[in-house]
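Okay, structure first, notes after.
All of the numbers you see were taken from the coordinates with simple rules; none came from a lab. Predicted, not measured: the structure shown is a model, and the values here were computed from it. Please note: Cβ atoms are built from the backbone with ideal geometry, for glycine as well, and neighbour counts cover all protein chains shown.
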Amino acid sequence: MNKTISLKLIENKIRGSLGFSLVELLVVVAIIGILSAVGIVSYNGYVSGAKQNTTKSIMQQIALAQTEVYSSTGSYYVPGGDTSCSVSRSSSEDIGSELFDDDRLVPEDLKFNICIYGSGVSYTIKADNGGGCVLTLARNKTIDESEC
């Protein structure tokens with residue numbers, strides 16, 4: 001009789017552990033959802049930081065090209081006005097064409113566009129992503145990223 005009772009207990013225990021309850025599955029789904037939300041936010045932060053760093057690198061390349069233009073012509077390439085410029089896709093392409101013979105200097109997926117303004121003896125490079133982040137680089141200065 002003892003053997004029958006213990007076999008029934010073992011049988012019930014095995015039958016009860018064949019799957020997961022709905023509550024257990026919901027808890028696992030909720031945990032996965034929370035982890036993925038945190039991961040997406042972190043990933044987006046890394047991507048925007050990488051785009052900003054790439055833009056800074058391009059601005060430094062433009063500054064080096066400006067030095068070369070100045071040594072060849074005696075003045076900097078300044079297609080914009082004296083005090084400001086209009087940041088657009090075409091201004092980025094024009095800079096690439098004039099200074100690097102490559103109108104794809106600034107990739108479209110970078111989301112930043114660049115323009116140059118100033119006089120023939122000085123210049124400022126401005127990069128804007130259209131979302132409130134503006135980077136500026138004046139001649140012989142570091143990049144100002146206070147508006148990002």
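For the chain, the longest principal axis of the alpha carbon atoms and the long axis of helix 2-16 meet at an angle near 20°.
Build a GNM of the chain with springs between Cα atoms under 10 Å apart, and of 130, 19, 80 the one that fluctuates most is 19. Highest mobility in the GNM of the chain, judged by mean-square fluctuation with C-alpha springs under 10 Å and restricted to 92, 119, 21, is found for 21. From the alpha carbon centroid of region 71-91 to that of region 22-48 is 46 Å. Here the Gaussian network model covers the chain, with springs between Cα atoms less than 10 Å apart; of 26, 99, 137, 26 fluctuates the most. Look at the dipole of the chain built from charges on Cβ: of 58, 134, 20, the Cα furthest out on the positive end belongs to 20.
Compared with the dominant Cα axis of the chain, that is its longest principal axis, helix 89-100 is turned about 60°. For region 70-148, the convex hull drawn through the C-alpha positions has a volume of 90 cubic angstrom per residue. Matching the structure-derived mean projected area of the Cα convex hull in nm² against the labelled list (1) 8.2; (2) 11.5; (3) 14.4 gives the label (3).
Assuming charge only on the beta carbon of Lys and Arg (+1) and of Asp and Glu (-1), the dipole of region 22-144 about its Cα centre is about 360 debye to the nearest 20.
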